[in-house]
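Visitor: Take a look at this one; I'll ask things after.
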Amino acid sequence: MTLCPHFGTCGGCLLQDLPPNAYRTKKRDAVVTALQRAGLETVVEGPVIVPPRSRRRAVFKIKSLAGGLHIGFHAAKSHTVIDMHHCDVLTPGLFALVGGLRERLEPLFGVGETAELHVTQTDAGFDCAFRWRAHLTPTLTAALSSALSGLGIARLTMGRETVFETAAPTVALGGIKVVLPPNPFLQSTAEGEAVLQAHVIKTVGKAKTVADLFAGVGTFALPLARKARVHAVEQEASALAALAEAARSPGLKPVTTEVRDLFKLPLTPVELNGYDAVVLDPPRAGAEAQVKALARSKVQVVAYVSCDAASFARDAALLVAGGYRLGPVTPIDQFLWSSHIELAGSFMRP
């Protein structure tokens, strides 16, 4: 593959020059090493690598310089913004948006001014969240609404305020339409999401009752609800509200929701014992407190999706010490040519 012209300066794709086999080995070894450090041995499969130009979510850094507006990613180990004119990672639609944003936003920025724009490509258009000026004034609202019209942006928010919304941003999760809250968490690629959903569904198997912990907007709860009753637990109330509304779709088993901080108040062993299976999809810090409770529970099956090999390995060791058997682990590479790797594992009680 031809190297991106920004390779060597942009901090996003530091491994793009590796030969394919060496790259796959490096990604897999990151998981193997983390498990070994935690004293665990299991089968680590070859990584599932998503296709180029498939990432549907990005955080663009923006800085206005005397020569114009720069928009892209940070340089490696630097706050310098690399002005993006090529990208092998983003979806074609998301990359095309960058050019439009550069042209339309430049007149609104003063020299030296900086901002971040969080963008998710949804089925209805781009869902964008600005981190920019402290206050959204009527004048700025009008200027942004005018400048960014026609770029396919479904919604633009700034802080807790909506600048404009031309359509409700939606995605399909397991074939179920979900109307998204502002700046939601989604898997970075649709391809990686499908792999993770298939892993969770296979691990859960014929379970009739499932607790989906750190459930978000329903990435796993909604497809699981086709065959099982699901209790979805999540700290973000707006995400759970979106999930609950989507769960009213016909053909699904009952889905209940609970707003709860699982770091401070994990489900207890007594609460967990009411479920045949548990799904975990925590943030990078992992789910240590919740896993300690799981290790003391009678839950037979745990499907664990992780975005950090080290925290997964720590939590896996706790589950194994509690009597679970760790099955094969699958690395999933949704952040091409970076050092980051995600993974999915399964735990069964003998």
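Visitor: For segment 206-221, indicate whether the set of residues that are surrounded by fewer than 20 Cβ atoms within 10 Å (Cβ to Cβ) and either out of contact with any strand residue (DSSP E or B) (no Cβ under 7 Å at 6 or more places or on another chain) or modelled with pLDDT under 95 (or both) is non-empty.
Guide: Yes: one or more hits.
Visitor: Which of the residues belonging to segment 258-288 are open to solvent by 40 Å² or more (accessible area, probe 1.4 Å), free of Cβ contacts under 8 Å to residues at least 60 places away in the same chain and of a type outside the set (D, E)?
Guide: Hits for segment 258-288 are V259, F263, K264, L265, T268, V270, N273, R284, A285.
Visitor: Looking at (1) buried (at least 19 other Cβ atoms within 10 Å of the Cβ); (2) within 24 Å of the chain's Cα centre (by Cα); (3) not basic (K, R), which one does L144 not meet, given that it meets all the others?
Guide: (2)
Visitor: Go through (1) closer than 16 Å to G192 by Cβ; (2) open to solvent by 50 Å² or more (accessible area, probe 1.4 Å) one by one and return the number of the condition P19 breaks.
Guide: Result: P19 passes all but (1).
Visitor: Between a first residue in segment 1-28 that is more than 21 Å from H74 (Cα to Cα) and a second residue that is small (G, A, S) and open to solvent by 60 Å² or more (accessible area, probe 1.4 Å), which pairs have beta carbons less than 9 Å apart while being 6 or more apart in sequence or on different chains?
Guide: K26/S339; K27/S339
Visitor: What's the number of the condition K202 fails, among (1) buried (at least 19 other Cβ atoms within 10 Å of the Cβ); (2) at pLDDT 95 or above; (3) under 23 Å from the mean Cα position of the chain (by Cα)?
Guide: Result: K202 fails condition (1) only.
Visitor: Based on what the data block shows, is A239 touching a Gly at 6+ places or on another chain (Cβ under 6 Å), open to solvent by less than 30 Å² (accessible area, probe 1.4 Å) and either small (G, A, S) or part of a strand (DSSP E or B) (or both)?
Guide: Judged against the criteria, A239 is a match.
Visitor: On to the next question. Taking the criterion of being among the charged types (D, E, K, R) and open to solvent by 10 Å² or more (accessible area, probe 1.4 Å), would at least one residue in segment 333-340 satisfy it?
Guide: Scanning segment 333-340, I find no residue that is among the charged types (D, E, K, R) and open to solvent by 10 Å² or more (accessible area, probe 1.4 Å), so the answer is no.
Visitor: What strands (runs of 3 or more DSSP E) completely inside segment 42-118 contain at least 1 residues that are buried (at least 20 other Cβ atoms within 10 Å of the Cβ) and among the hydroxyl-bearing types (S, T, Y)?
Guide: Fully inside segment 42-118 and qualifying: 57-65.
Visitor: Is one or more of the residues making up segment 291-299 over 13 Å from P266 (Cβ atoms), touching a residue at least 12 places away in the same chain (Cβ under 8 Å), of a type outside the set (K, R) and open to solvent by 10 Å² or more (accessible area, probe 1.4 Å)?
Guide: Checked segment 291-299: no residue is over 13 Å from P266 (Cβ atoms), touching a residue at least 12 places away in the same chain (Cβ under 8 Å), of a type outside the set (K, R) and open to solvent by 10 Å² or more (accessible area, probe 1.4 Å).
Every residue, every condition in (1) in contact with a strand residue (DSSP E or B) (Cβ under 8 Å, 6 or more places away or on another chain); (2) of a type in the set (S, T, N, Q), yes or no:
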| site | (1), (2) |
| --- | --- |
| R104 | no, no |
| F126 | yes, no |
| P138 | no, no |
| M158 | yes, no |
| T162 | yes, yes |
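The values are calculated or read from the model by the stated rules, or taken from the named source; none is laboratory data. Not measured: the values here are computed from a predicted model. Counting neighbours? That spans all protein chains shown, and the Cβs are built from the backbone with ideal geometry, glycine included. Side chains included, ligands, DNA and RNA excluded: accessible areas come from the protein's heavy atoms. Shrake-Rupley method; radii C 1.70, N 1.55, O 1.52, S 1.80 Å.
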